[in-house]
Amino acid sequence: MKLVIMTAQCLCLCFLSCANRAAIPDYYLLLESELVDSPALRAPVRLDSLDLPLLEWAIFNETNIHRTMLGLDPLRYENRLHSGARAHSREMVAFGYFDHISPVTENETVEKRLQQMGIKNGYRGENIAIHPVVKRQEMMIRLVGNERPSRNSWRNRGTHYTYQEFAKDLVLRWLYSPPHRRNILNPLYRFLGVGAVPALFDQRDVFYVTQNFSSTNY
């Protein structure tokens, strides 16, 4: 499937790192002339029909929208950052932790993880998040006769994020957090990889998401 999307300012041309171009997922190969509104981004995120590369691309794209709105250069896709980000998300799920510091010695820090991927120079950074598949449910109080409110009920069962909504909400969460915002808007960074892995957290379907940033691709 070929995806095309339009942002408010037609900004989502995904700049590419020259390294390992053969491994670049299709979504990152879009040309600006192809950017039109896509039904794929308005589809709900469902684990039984998941398009994981699309979800990661949407987060990548939303990150660049906010950078370019503030006059910063968009980040380029780097497949080794992508692989490292997805590997860290997968490890957090497998070992049941949520942290930048890994319990696996050789993966302890983002610097060590990216060095193993072949990126050994420059400045590096990382954002992580756990984000739900279903939007927050609305709670209402059920009154029983003249009794005081004693029972809660759900106004709805919650609705699934679309791919675009998921990306927008997640990136906004990061932007509201000063350390994460500094990574997203750091003018020294030139490359980005986003890795998402589905999991269960507190009995809810979620994604563990990692962003890896770097000022170099070597």
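The values are calculated or read from the model by the stated rules, or taken from the named source; none is laboratory data. Worth saying up front: this structure is predicted, and the values here are computed from it rather than measured. As a convention, Cβ positions derive from the backbone with ideal geometry for all residues, glycine included, and neighbour counts pool all protein chains shown. The protein model used for the area step is the full one, side chains on, heavy atoms only, and it has no ligands, DNA or RNA in it. Shrake-Rupley method; radii C 1.70, N 1.55, O 1.52, S 1.80 Å.
For this structure, a couple of remarks:
- Within the stretch 200-214, tally of residues that are touching a residue at least 40 places away in the same chain (Cβ under 8 Å) and either open to solvent by 20 Å² or more (accessible area, probe 1.4 Å) or hydroxyl-bearing (Ser, Thr, Tyr) (or both): 6
- Residues that are open to solvent by less than 70 Å² (accessible area, probe 1.4 Å) and either within 18 Å of Phe201 (Cα to Cα) or assigned to a loop (DSSP other than H, G, I, E, B) (or both), drawn from the stretch 109-120: Thr109, Met117, Gly118, Ile119
- Which listed residue, of Pro44, Pro74, Pro39, Pro53, is in contact with a His (Cβ under 6 Å, 6 or more places away or on another chain) and within 21 Å of Tyr163 (Cβ to Cβ): Pro44
- Selection from the stretch 92-129 of residues that are under 16 Å from Leu81 (Cβ atoms) and among the aliphatic types (A, V, I, L, M): Val110, Leu114, Met117, Ile119, Ile128
- Condition met for Arg148 (modelled with pLDDT under 95, of a type in the set (Lys, Arg) and surrounded by fewer than 19 Cβ atoms within 10 Å (Cβ to Cβ)): yes
- The stretch 42-64, residues that are of a type outside the set (D, E, K, R), surrounded by fewer than 19 Cβ atoms within 10 Å (Cβ to Cβ) and in a helix (DSSP H, G or I): Leu47, Ser49, Leu52, Pro53
- The stretch 170-197, subset of a type in the set (Phe, Trp, Tyr) and touching a strand residue (DSSP E or B) at 6+ places or on another chain (Cβ under 9 Å), residue farthest from Glu56 (Cα to Cα): Tyr189
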